[in-house]
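Some notes on the structure that comes next.
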Amino acid sequence: MDLTKVSGIGFVGLGAMGLPMAGHLANKLPSHIRLYVYDINQASVDQLHSDYPDRVIKASSAKNVADQSEIILTMLPEGKHVRSVYMGGDSETICSSDVSGKLLLDCSTIDTASSLAVKDYINEKFPTASFYDAPVSGGVVGAQKASIAFFLGCGDSDPNLPHLIKLVQLMGKDVIPCGGPSKGLAAKLSNNYLSGVIAIAVSEAMDMGMRSGLDPRVLAKVYAAGTAQNTICDRFCPVPGVYAEAPSSKGYTNGFKVQLMRKDFSLALEMAQRVGAQNVLGEAGLATYDGASKDPRCVDLDSRVVYRYLGGDEDWLTKIDGDATAASTLNGH
Ligand code: NAD
């Protein structure tokens with residue numbers, strides 16, 4: 001669907017991710033396009049409208065959004081919310097509107113079964129509508145900076161792909177078509193499983209090295225030069241004070257919340273089970289994220305707080321500096 005021929009775009013779900021994403025659309029879409037928005041939390045709808053009064057129109061329901069938009073995006077917490085917003089029992093859902101010929105894009109991270117159920121429902125009721133899973137990666141800061149990546153549930157030859165790319169690049173950077181329906185989600189869950197396991201492994205490896213007397217900055221250099229090189233250690237190091245820009249160095253704030261990692265990890269395990277994939281690290285990983293999500297020292301913080309949860313030393317720098325001072329005093333004698 002060519003953006004130059006579109007007059008209305010809809011956005012349902014203006015939360016931590018959806019609000020900045022919709023803000024980029026309001027800011028960057030061609031001036032003739034209106035943005036119709038809805039959230040059960042009226043405050044975020046009001047906020048977006050007051051930021052872009054000429055561009056953003058407050059809608060009264062998800063159906064009301066769909067009635068007025070040729071392209072509809074959703075950014076909701078879980079599969080049950082996505083099911084209910086598209087095809088729930090009441091008359092205010094997206095599919096209560098006639099969405100024939102429209103483009104629907106769900107950016108939420110949910111289970112593949114819910115996504116496929118919504119797609120099948122839409123295909124049956126509105127054969128000319130196109131529904132895609134389009135989960136994102138990059139966090140709230142990425143959404144604010146328009147640097148998130150999109151994993152699209154479509155193939156390279158999908159006729160809508162060029163339009164989808166143009167649209168989502170207003171809100172992000174990399175766009176990867178993953179091959180077909182629900183494969184964007186399968187890719188995202190597989191990615192988050194891997195990233196979650198690596199964060200636990202880095203935490204454990206750092207902890208054993210540090211307890212053996214090593215400076216974590218030296219360990220990080222060793223991993224980077226050796227076979228253990230990984231982005232979690234390089235850019236999101238779970239040990240505070242190793243990489244200045246990592247959430248851990250800022251009190252584990254401004255990152256990917258541990259409860260969201262728990263949710264994605266659990267969805268990945270469900271997917272693995274459904275497709276019959278071996279998963280020896282899954283149980284321990286889920287127990288770790290589950291425990292950290294419920295731990296008052298970790299809840300609401302960046303998921304790399306598993307280092308704290310697993311008993312890692314966060315005060316190592318003071319001790320090393322203390323040792324250095326003690327050593328220089330000794331040397332001075
Ligand atoms: P959030 O809870 O901040 O926002 C969800 C929004 O959906 C809320 O504003 C809520 O009021 C709204 N909502 C819920 N039910 C609704 C309904 N029936 N009708 C209309 N609005 C409804 O969540 P978020 O952090 O923005 O995450 C959204 C999705 O993106 C999740 O699936 C999450 O896993 C995924 N995600 C989040 C991050 C992150 O760092 N926060 C990163 C990548 C992906």
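Looking only at residues in the range 233-252 that are in a loop (DSSP other than H, G, I, E, B) and surrounded by fewer than 16 Cβ atoms within 10 Å (Cβ to Cβ), the one that is modelled with the lowest pLDDT is Glu245. Pairing residues of the range 1-17 that are within 9 Å of Leu73 (Cα to Cα) and near the ligand (Cβ under 10 Å from one of its atoms) with residues that are part of a strand (DSSP E or B) and of a type in the set (Phe, Trp, Tyr), at Cβ distances under 7 Å and at least 6 apart in sequence or on separate chains, gives Val12/Tyr38.
Across the range 15-45, the qualifying residues are those that are outside any helix (DSSP H, G or I) and β-branched (Val, Ile, Thr), and the one among them that is surrounded by the most Cβ atoms within 10 Å (Cβ to Cβ) is Val37. Can you run down the residue pairs with Cβ atoms below 6 Å, 6 or more apart or on separate chains, where the first is in the range 65-90 and closer than 11 Å to Val12 by Cα and at pLDDT 95 or above and the partner is away from the ligand (no atom under 12 Å from the Cβ) and polar (S, T, N, Q)? The qualifying pairs are Ala66/Ser97. Where helices (runs of 4 or more DSSP H) sit wholly within the range 256-313, those with at least 1 residues that are more than 16 Å from the ligand (Cβ to nearest atom) and among the hydroxyl-bearing types (Ser, Thr, Tyr) occupy 282-294, 306-309. Residues that are touching a Leu at 6+ places or on another chain (Cβ under 6 Å) and modelled with pLDDT under 95 within the range 1-53 comprise just one, Met1. Kindly provide the set of residues from the range 27-47 that are more than 16 Å from the ligand (Cβ to nearest atom) and closer than 20 Å to Lys102 by Cα, ordered by number. If the condition is that a residue be more than 16 Å from the ligand (Cβ to nearest atom) and closer than 20 Å to Lys102 by Cα, then Leu29, Pro30, His32, Ile33, Arg34 are the ones that fit. The requirement of being in contact with a Gly (Cβ under 7 Å, 6 or more places away or on another chain), within 18 Å of Ile165 (Cα to Cα) and among the hydrophobic types (A, V, I, L, M, F, W, C) is not satisfied by Ile9. In this structure, is Lys102 farther than 27 Å from Ile176 by Cα and either within 15 Å of the ligand (Cβ to nearest atom) or not small (Gly, Ala, Ser) (or both)? No.
Screening the candidates Ala66, Ala117, Ala113 for the property of being touching a Gly at 6+ places or on another chain (Cβ under 7 Å), more than 10 Å from the ligand (Cβ to nearest atom) and either part of a loop (DSSP other than H, G, I, E, B) or small (Gly, Ala, Ser) (or both) yields one hit, Ala66.
From the set of residues in the range 123-138 that are of a type outside the set (S, T, N, Q) and surrounded by fewer than 21 Cβ atoms within 10 Å (Cβ to Cβ), which is farthest from the ligand (Cβ to nearest atom)? Out of the qualifying residues, it is Pro127. Can we say Gly291 is assigned by TED's automatic domain parsing to the domain that holds Glu204 and at positive phi? When the stated conditions are applied, Gly291 does not pass them.
The values are calculated or read from the model by the stated rules, or taken from the named source; none is laboratory data. None of these values were measured; they are calculated from a predicted model. Neighbour counts run over all protein chains shown; Cβ positions are idealised from the backbone, glycine included.
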